[in-house]
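The values are calculated or read from the model by the stated rules, or taken from the named source; none is laboratory data. Predicted model only: the values in this text are computed from it and were never measured. Positions of Cβ are backbone-derived with ideal geometry, glycine not excepted, and every protein chain shown enters the neighbour counts.
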Amino acid sequence: MLFPELDDFLRTVLSYVKFSFDKKAIRSELESHLWDRIEDYLEQGYEEEAAVHLAVEGMGEPKEIGIEADEPSKDIPPTDIVYDLKVDEKVYLDDTVIEFTRVILKKNGELSIIYKYYDTRFWGRGWSLGGIGRISDNLENEYWSGSGSSNGGIVTKGIRTFKDFDKTAEILIISYDHFNRSYRVEIPLKAGDVHE
């Protein structure tokens, strides 16, 4: 069944995404999240049209979502990048899904980890991820100093940047272990586009 309100929402969001190669992935992610919400409303007894309306309304302003969906690294000149890796690593902490989507190493040694997270529960809004964990590499270097930021919303996007990353490292390790909740992600670093 077609839902014009859903299609209009997605079309408006995507109209603010400048990088055309990202549009398909962004649309797919938003559709998946919207349909999860619609199913929640249907299970609560709402009619289909009302469930769609509530799901779309609950996502927020499509213009803001579209602007935020643009890649966080869009302002980095390609000549400053050693490598830019597309990553597809997903971990779960309780009802929260964390997806690591990109790793960028600049020639000045700054390593950026781009990720997003969301709560799988219908009522799970407003929870803030305290940190993505301990950052290290296969050479046993640990990285502490850096910066980070994230935006709010149903799907929160974040970026953590660390200084003086060892360019000879072959594996980035993100490990989290707090209050009997843990994960470990190992990301091979030489598999992406190398610009050096």
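Give me the pairs: first residue in the range 37-65 and closer than 16 Å to residue 118 by Cα, second residue basic (Lys, Arg) and assigned to a helix (DSSP H, G or I), beta-carbon distance under 7 Å, and six or more apart or on different chains, which are they?
55/37; 58/37
Applying the selection to the range 17-60, what residues are modelled with pLDDT under 85 and not in a helix (DSSP H, G or I)?
17, 18, 19, 60
Can you find, within the range 121-149, the residue that is modelled with the lowest pLDDT among those that are loosely packed, with under 12 Cβ neighbours inside 10 Å and among the polar types (S, T, N, Q)?
By that ranking, first place goes to 128.
Take the residues in the range 156-180 that are of a type in the set (Lys, Arg) and modelled with pLDDT of 85 or more; name whichever of them is farthest from residue 59 (Cα to Cα).
Selected residue: 167.
From 84, 95, 40, which residue is surrounded by 13 or more Cβ atoms within 10 Å (Cβ to Cβ), assigned by TED's automatic domain parsing to the domain that holds residue 142 and over 15 Å from the mean Cα position of the chain (by Cα)?
Sole residue among the options that is surrounded by 13 or more Cβ atoms within 10 Å (Cβ to Cβ), assigned by TED's automatic domain parsing to the domain that holds residue 142 and over 15 Å from the mean Cα position of the chain (by Cα): 84.
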